Every structure is written in C-alpha cells, then in structure tokens.
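Here is the structure we will look at, set down as structure tokens.
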Amino acid sequence: MDLKGRDFLTLKDFSPEEIEFMLDMAADLKAKKKNRETVDWCTGKNIALIFEKSSTRTRCSFEVAASDLGMGSTYLGPTGSQIGVKESIADTARVLSRMYDGIEYRGYGQDIVEELAKYSDVPVWNGLTNEYHPTQMLADLLTIREHFGKLKGLKLVYMGDARYNMGNSLMIACSKMGLDFTACTTKEYFPNDALVAQCQEYAKASGSVITLTEDVAEGVKDADIIYTDVWVSMGEPDEVWEKRIKELTPYKVTKEVMAAAGEDAIFLHCLPAFHDLKTKTGKEIYERFGITDMEVTDEVFESAQSKVFDEAENRMHTIKAVIAATIGEY
Ligand code: CP
Ligand code: NVA
C-alpha cells in the first residue's frame, strides 16, 4: 500500500483497503505511544496548519502528531496571515509548498481545500470543511473497531443535521467500510440525493445498507452506534438556532434513545458537545430558549455507553497515521 504524496480531502478518494491501512497504522502508532516507543520517522520535515475556524482536537492532534513524528509545525490561525486577505489560496499553496512537507486546512467550502491541493506540491489534509471531516472519520472508525472488534455488519445511526460535514462523512465512511448507516432526522436534514446515490454504490460493494428515516423508534432499533453532532455548525448564522432547536429536538440523544438501541450500543460525538450549561454558548442558548442541553443529554454524555473521550484521543493517533502515510515515512 503506497499513499505517498496523496491528498486527504474526503474518504470518497480512498478505497476500503486504503482506509483499513491507515486504521492499522493508527492502531500501531497508538500501541507504540503507550509503550513510549519513538516514532520520529519524519525528522527534519515541517507541516503548516491553516485554521480559518476554531479547533481544539484537530489542531492539538496535528501538533502532537507532528511533534511525535519529529516534525516542526506552524499554526496559521483565522487572523494574522495573508491568506484570503492579500493572498489567494493558489498563491498560498505554492508558497507553503516551498517550505513545508504537508499542509492541513480547516475552513469553509470543500472547493477551497481542493484549490489548495491543486496548487500544492505537498500533501494537503482536510481538517474540516462545511462538507466533509475525513480525519474525524478515521478516529471514529478506529474507536468503533476497538470497541466492537470489527466494522462490517454494525449499524451506525446519525441523529441531527445529517446534511453537513459529519452526516455526509459518516455516510461515506460507513458505506465504504460495510457498516449500515441510518440518518434519523427530518427530511430537510437528510444528506443530498447525489451523495446518497454515490454512497449507495459504496454500500452495494461493501454489503451495507443506507436508510433515511424520520422515525426515531425505527431508526435507532438495533443500533450499535448512536452518533450526533451540534445542531448549528461553525460559520452558520446565529439566526438558525431557533429553527434548528425546534426541528431537531425530537432527534436529541436521550436515555430513551439509548435504551431503544440496546445496552450494548455506544454513543459517539465528534465534540464539542452542548450537554450542559458549562459553556458560553450553552448559557446563551439557555438565556434565549430555556433549554439546558441540545443534541445530547448530560446523562447520556456522561454515561458508561459514551465513548467520546476514547474517540477524541483517537483523533491524534489517526491524524499521525495520515501524516506518516501520505508523507511516505513510516
Ligand atoms: N471534532 C473536532 O474536529 O473538534 P475540534 O473542532 O476541536 O477540532
Ligand atoms: N459540524 C461541526 C463539527 C465540529 C467538529 C461543525 O462544523 O462545527
């Protein structure tokens, strides 16, 4: 398996075997980290981290992964660089390619990260766009595989806004890797028809099933994984909160939802999550709408079924694998 020089923009671009290869490498890197084995395979190399949106997990994962691999990293935040203000993405790509061995981009449209990749001579990694969040997918798949010992044949149910980066990416990841995928939400929040059709093809090849349903009882029945994400994503206007809360509250992950899925089901969330009032946004939403949680209750979030911190840790191991595999040093 040779992924040297490849961009990592969406899992659509990778075969199930290639995805498995990165998962295996991540599992190996995780074991090595636990054993305090050195993996400075990329000594002398450097990566640039462009973040046009906020991040805790993705940024820290790239920085720790780079450091563990013996690389330097430069963080370019939403302000302070010339990107997008005085310099185009195409010019930025050509400049950074002369100094760095890989470029991470988190921001808005997928077209931007594609443009960056088009003009870059080094691998470009998508650290989240409006449409896709592929590094999150590797962490989720690794977490699921660690917990259940397999991927094929499991059923993942995504509740909430299934037409944005997380819903889209999970549908791709599941259909490629042989997990049944259910989007359980109102019709307006189903993934778009073209992507569903494309994923139906992946599902046919992997032997999995894609279901879109508005019915919670039917959707979550026999689920192995219940997954949700924030109802309003980064970059979306403040005005959409009221409508989202109204329309997506029936798809909140509650203890009843987990009970309907069964006691062996796990709960996953890419994080950050609104499950209490310990955040500025959580408090503001409470002031405006009088609710103390949103996409998941605190009870579920804190329950034994919740594996969200295993999942968060796996961001780092999987991102390390993506860097090593695409730079071609491992
Ligand atoms: N899940 C995730 O991407 O988290 P951050 O926004 O903190 O990077
Ligand atoms: N859908 C969320 C994911 C955060 C990791 C967002 O785009 O804000």
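A short reminder: the numbers here are calculations on the coordinates, not readings from a lab. Treat the numbers as computed from the prediction; the structure is a model and nothing was measured. Virtual Cβ from ideal backbone geometry, glycine too; neighbours counted across all protein chains shown.
Numbers at a glance
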{"read-out": "Any hit, the stretch 234-244, residues being more than 15 Å from ligand 2 (Cβ to nearest atom) and surrounded by 14 or more Cβ atoms within 10 Å (Cβ to Cβ)", "value": "no"}
{"read-out": "Long-range neighbours under 8 Å by Cβ, at least six apart or interchain, first residue of a type in the set (Phe, Trp, Tyr) within the stretch 172-186, second part of a loop (DSSP other than H, G, I, E, B)", "value": "Phe181/Ser208; Phe181/Val209"}
{"read-out": "Count of residues meeting criterion [free of Cβ contacts under 8 Å to residues at least 24 places away in the same chain and charged (D, E, K, R)] in the stretch 219-243", "value": "4"}
{"read-out": "Some residue of the stretch 314-322 being over 16 Å from Val232 (Cβ atoms), more than 15 Å from ligand 2 (Cβ to nearest atom) and either free of Cβ contacts under 8 Å to residues at least 12 places away in the same chain or not in a helix (DSSP H, G or I) (or both)", "value": "no"}
{"read-out": "Breaking point among (1) out of contact with any Phe, Trp or Tyr (no Cβ under 7 Å at 6 or more places or on another chain); (2) more than 28 Å from Gly167 (Cα to Cα); (3) of a type in the set (D, E, K, R), for Arg94", "value": "(1)"}
{"read-out": "Lone unmet requirement of (1) touching a residue at least 24 places away in the same chain (Cβ under 8 Å); (2) over 30 Å from Ser67 (Cβ atoms) for Thr292", "value": "(1)"}
{"read-out": "From the options Thr92, Thr79, residue that is crowded, with 22+ Cβ neighbours inside 10 Å, among the β-branched types (Val, Ile, Thr) and over 20 Å from the mean Cα position of the chain (by Cα)", "value": "Thr92"}
{"read-out": "Residue in the stretch 10-17 that is more than 20 Å from Asp310 (Cβ to Cβ) and within 16 Å of ligand 1 (Cβ to nearest atom) present", "value": "yes"}
{"read-out": "Per-region count, the stretch 43-79, residues within 11 Å of ligand 1 (Cβ to nearest atom), among the polar types (S, T, N, Q) and more than 21 Å from Phe309 (Cα to Cα)", "value": "0"}
{"read-out": "Helices (runs of 4 or more DSSP H) within the stretch 108-215 that include 2 or more residues over 25 Å from Ile50 (Cα atoms)", "value": "134-148, 165-177, 193-206"}
{"read-out": "Residues that are touching a Ser or Thr at 6+ places or on another chain (Cβ under 6 Å) and outside any helix (DSSP H, G or I), drawn from the stretch 246-268", "value": "Val253, Thr254, Phe267"}
{"read-out": "Hits in the stretch 16-45 - residues which are surrounded by 16 or more Cβ atoms within 10 Å (Cβ to Cβ) and farther than 30 Å from Lys152 by Cβ", "value": "Trp41, Cys42, Lys45"}
{"read-out": "Residue count for the stretch 55-107, restricted to those that are in a strand (DSSP E or B), among the charged types (D, E, K, R) and closer than 28 Å to Asn168 by Cβ", "value": "2"}
